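Beneath this line is the structure, given in structure tokens, with notes to follow.
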Amino acid sequence: MTADTHSQLPSFICVGGAKCGTTSLYEYLRSHPEVFLTEQKELHYFSYPDLEKRPEGPGMRAVLKGLISTEDQYRAQFSSMKPGAVAGDISPSYLNEEHAPERIEALLGKDVKIIILLRDPVERVISQYMHLRRAAREALPLKDALAEEPNRIDKNWGDMWHYRASAYAADRVERYINRFGAENVLVVLSDDLRTHPKETVQDICRFIGVSADYHFDAGQEFNRSGLPKSRFVARLVDASPLANMAKAILPRRLGAIIKRKLQEMNTGEKEAISETLRAQLKQDYANEIVRLEEILGRKTGWQ
């Protein structure tokens with residue numbers, strides 16, 4: 001079974017990782033006339049059986065209610081795509097979940113194109129932490145949150161609180177390469193997407209089989225993190241029953257725009273992270289970076 005026998009299903013999947021530029025990639029590709037992306041940015045269908053086992057943490061149950069949990073729901077997301085369009089699914093949780101690759105293959109076949117966005121693990125840890133700080137879903141300083149991480153994992157807190165564990169990418173990248181073949185896996189460094197967006201997106205377009213000659217706005221910053229000016233507002237617009245109600249009432253795209261604007265207005269300065277903690281994290285990931293570079297056959301510039 002291959003993806004091209006299912007014209008109403010994706011032929012490419014961006015499997016993550018979280019806080020590595022998936023929001024920017026979604027916005028860039030959705031403006032492409034040959035690409036179809038669902039109104040709901042992240043579906044998380046292929047990881048849902050794992051995610052639902054970890055429902056703890058502030059707002060996590062509300063998040064789970066908004067995800068796609070059945071094949072019928074998943075297929076319905078692509079029912080409005082035009083003939084000939086190239087459809088994609090951008091869901092950052094697919095990279096971390098062990099069984100997501102086999103579920104992707106079972107529905108979409110071995111020839112589906114896999115895109116993986118990777119970021120310096122130290123910067124990813126900090127950004128993932130700041131993402132939850134912005135949403136008022138993390139109350140602890142980063143050092144304390146890292147110390148509490150093993151206890152939270154034992155208590156089935158969601159993956160976004162797995163700050164340190166989530167940033168290990170080498171085994172996860174290798175898992176996708178082994179299952180789908182190196183020719184069907186494109187690894188993109190988020191540094192390249194940020195500093196050279198046009199050239200990087202053109203490479204991605206060629207990889208998924210669409211024209212690389214189109215214009216997109218690369219000047220806008222998406223998903224900026226920082227401390228919330230109001231924790232009350234932050235919790236209302238992110239992972240709350242009210243936010244879920246708004247999603248059910250408003251058109252998905254309009255709701256996303258409103259949420260983004262409210263978050264931008266409510267986002268303040270970033271929390272200062274000590275150089276001592278940064279240095280410790282850099283040391284923790286040193287061997288991981290070496291192994292990843294061996295798998296990729298190139299340097300990342302993170303050392």
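The values are calculated or read from the model by the stated rules, or taken from the named source; none is laboratory data. These numbers come from a predicted model, not from an experiment. FYI the Cβ positions are ideal-geometry reconstructions off the backbone, even for glycines, and counts take in every protein chain you see. The area values use the complete protein model at the heavy-atom level, side chains included, leaving out ligands, DNA and RNA. Shrake-Rupley method; radii C 1.70, N 1.55, O 1.52, S 1.80 Å.
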(request) For the range 1-77, please list each of the helices (runs of 4 or more DSSP H) lying entirely inside it that holds at least 1 residues being out of contact with any Ser or Thr (no Cβ under 9 Å at 6 or more places or on another chain) and of a type in the set (S, T, N, Q). (result) 22-30, 71-77
(message) When you scan the range 100-107, do you find a residue that is within 14 Å of the chain's Cα centre (by Cα), of a type outside the set (A, V, I, L, M, F, W, C), modelled with pLDDT of 95 or more and within 22 Å of PHE180 (Cα to Cα), even just one?
(response) no
(message) Can you say whether ASP120 is crowded, with 19+ Cβ neighbours inside 10 Å, modelled with pLDDT of 95 or more and under 14 Å from the mean Cα position of the chain (by Cα), as far as the supplied structure shows?
(response) no
(request) Please give the number of the condition ARG179 fails out of (1) among the basic types (Lys, Arg); (2) at pLDDT 95 or above; (3) within 17 Å of the chain's Cα centre (by Cα). (result) (3)
(request) Considering only residues that are without any contact (Cβ under 8 Å) to a residue 60 or more places away in the chain and among the charged types (D, E, K, R), look in the range 171-194 and name the one that is surrounded by the fewest Cβ atoms within 10 Å (Cβ to Cβ). (result) GLU183
(request) Please give the number of the condition ILE153 fails out of (1) of a type in the set (A, V, I, L, M, F, W, C); (2) under 28 Å from ALA85 (Cβ atoms); (3) touching a His at 6+ places or on another chain (Cβ under 9 Å). (result) (2)
(request) Go through (1) touching an Asp or Glu at 6+ places or on another chain (Cβ under 7 Å); (2) outside any loop (DSSP other than H, G, I, E, B) one by one and return the number of the condition GLU148 breaks. (result) (1)
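Looking at GLU34, GLU52 in this structure, which one is touching a strand residue (DSSP E or B) at 6+ places or on another chain (Cβ under 9 Å) and open to solvent by 20 Å² or more (accessible area, probe 1.4 Å)?
Criteria check complete, one pass: GLU34.
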(request) Show the residue pairs that are 6+ apart or on different chains and have beta-carbon atoms under 6 Å apart, the first residue being within the range 141-152 and closer than 12 Å to LEU277 by Cα and of a type outside the set (Val, Ile, Thr), the second being part of a helix (DSSP H, G or I) and open to solvent by 20 Å² or more (accessible area, probe 1.4 Å). (result) LYS143/LEU277; LEU146/ARG164
(message) For ILE126, only one of the following conditions fails: (1) open to solvent by less than 20 Å² (accessible area, probe 1.4 Å); (2) among the β-branched types (Val, Ile, Thr); (3) without any contact (Cβ under 8 Å) to a residue 40 or more places away in the chain. What is its number?
(response) (3)
(request) Identify, by number, the condition in (1) modelled with pLDDT of 65 or more; (2) open to solvent by 30 Å² or more (accessible area, probe 1.4 Å); (3) touching a strand residue (DSSP E or B) at 6+ places or on another chain (Cβ under 9 Å) that SER211 doesn't meet. (result) (3)
(message) open to solvent by less than 10 Å² (accessible area, probe 1.4 Å), within 23 Å of GLU288 (Cα to Cα), among the aromatic types (Phe, Trp, Tyr) and modelled with pLDDT of 95 or more: which single residue out of TYR168, TYR74, TYR163 fits that description?
(response) TYR163
(message) Being closer than 20 Å to ILE208 by Cα, open to solvent by 40 Å² or more (accessible area, probe 1.4 Å) and not acidic (Asp, Glu) is the filter here; which residues of the range 37-49 pass it?
(response) LYS41
(message) Looking at SER80, SER93, SER127, can you tell me which residue is among the hydroxyl-bearing types (Ser, Thr, Tyr) and modelled with pLDDT of 95 or more?
(response) SER93
(request) Restricting attention to the range 79-93, report how many residues are within 13 Å of GLY16 (Cβ to Cβ) and either in a loop (DSSP other than H, G, I, E, B) or of a type in the set (A, V, I, L, M) (or both). (result) 2
